[in-house]
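Notes to accompany the following structure.
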Amino acid sequence: MSYPHGPGRRAVLRGAALTTGAAVLGGAALLGPASPAAAAPSVHGRAAWGARPPSSPVQVLASPPLYIVVHHTATANSTDHSLAHAYSLSRAIQNHHMDTNGWADTGQQLTISRGGHVMEGRDRTLPAIAAGQHVVGAHVAGNNSTCVGIENEGTYTSVAPTAPLRDSLVETLAWLCAAYGLNPRSAILGHRDFNATACPGDVLYAMLPELRDAVAGLLAARGVEAAADRPVPADLRPSYPPVPDEPWREFDHGPAHGPDDITR
């Protein structure tokens, strides 16, 4: 599969914004205060769900992401809405991403269970958001340097998410929009907007306009002025490829890491 973004733009991102090695976010001293308007939902950190350490240091960009990408996990629509189940889900995702895919860590930055529990995914995600920076994940091929990803537990090809998941998703999207200065009308997208995949499912994807409206309304109620659209070079915009009609495997719902990505 070919990807629409050429190496030139990625080389610029690597040279201008990437911090690695000794400069990777490593402790509280590097964290800036979060904006009071960027009210975070209750997020369960990696220690809470028993995350394994990444196999190599995560990469952190000094610049914020341009987009928030909504995914589904392509797993069963569990009726277990407990916190214990949510923790087990996060561990299963990490094990699959590291042991089956060979990635350094969990691919996405955040995960929301069907019970509405929000978990930190990739290492250093929460400190990076607080600092207005971007942990580079592996969840949208060829675009990981510009996209922060939210995995939503379940498969939403023909059914809608649970009310707790939907409510937590709105809260999480509003938090990220405020933290990163993103306009929800243009920044909230689906995985299929960038890659040839059905993710996040026809039903959840069709909900994106409603979710954008809900996020904009929540931000307005909190006194957050709508962010202006940022000028985005053509090669960093969504390409809207055709949606394939093909099955996927559990935790594998479309291209997540491409040859033009700067991390894994």
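Scanning the stretch 80-87 for any residue that is over 18 Å from TRP248 (Cα atoms) and part of a strand (DSSP E or B) turns up nothing.
For the stretch 147-167, filtered to residues that are surrounded by fewer than 24 Cβ atoms within 10 Å (Cβ to Cβ) and hydroxyl-bearing (Ser, Thr, Tyr), the residue that is farthest from ASP235 (Cα to Cα) is THR162. Every listed requirement among (1) out of contact with any helix residue (DSSP H, G or I) (no Cβ under 6 Å at 6 or more places or on another chain); (2) of a type in the set (Lys, Arg); (3) farther than 20 Å from PRO255 by Cβ is met by ARG185 save one, (1). Counting just the residues of the stretch 212-264 that are farther than 25 Å from LEU89 by Cβ and among the acidic types (Asp, Glu), which one comes out modelled with the highest pLDDT? Taking the candidates together, the pick is ASP213.
Do you know which residues across the stretch 75-94 are of a type outside the set (A, V, I, L, M) and either farther than 20 Å from VAL159 by Cα or buried (at least 24 other Cβ atoms within 10 Å of the Cβ) (or both)?
Once the filter is applied, which keeps residues that are of a type outside the set (A, V, I, L, M) and either farther than 20 Å from VAL159 by Cα or buried (at least 24 other Cβ atoms within 10 Å of the Cβ) (or both), the stretch 75-94 yields SER82, HIS85, TYR87, SER88, SER90, ARG91, GLN94.
Applying the criterion of at least 3 residues that are not small (Gly, Ala, Ser) to the helices (runs of 4 or more DSSP H) found wholly in the stretch 166-249 leaves 202-206, 208-221. You will find that of HIS71, HIS97, the residue that is surrounded by 22 or more Cβ atoms within 10 Å (Cβ to Cβ), of a type outside the set (Val, Ile, Thr), outside any loop (DSSP other than H, G, I, E, B) and within 14 Å of the chain's Cα centre (by Cα) is HIS71 and no other. With respect to PRO33, is the statement that it is closer than 26 Å to ALA220 by Cβ, of a type outside the set (A, V, I, L, M), assigned to a loop (DSSP other than H, G, I, E, B) and at pLDDT 80 or above true? Criteria not met by PRO33.
Suppose the filter is within 22 Å of GLY254 (Cα to Cα), of a type outside the set (Asp, Glu) and in a helix (DSSP H, G or I); does ARG91 pass it? Considered against the rule, which asks whether it is within 22 Å of GLY254 (Cα to Cα), of a type outside the set (Asp, Glu) and in a helix (DSSP H, G or I), ARG91 comes out as yes. Checked across the stretch 149-161, the condition of being part of a loop (DSSP other than H, G, I, E, B) and either farther than 29 Å from PRO242 by Cβ or within 10 Å of the chain's Cα centre (by Cα) (or both) holds for no residue. Restricting the stretch 235-264 to residues that are among the hydroxyl-bearing types (Ser, Thr, Tyr) and surrounded by fewer than 19 Cβ atoms within 10 Å (Cβ to Cβ), which is nearest to ASP193 (Cα to Cα)? So the residue we want is TYR240.
The values are calculated or read from the model by the stated rules, or taken from the named source; none is laboratory data. Owing to the predicted nature of the structure, the values given are computational and were not obtained by experimental measurement. All Cβ positions, even for glycine, are placed from backbone atoms using ideal geometry, and neighbour counts span all protein chains on display.
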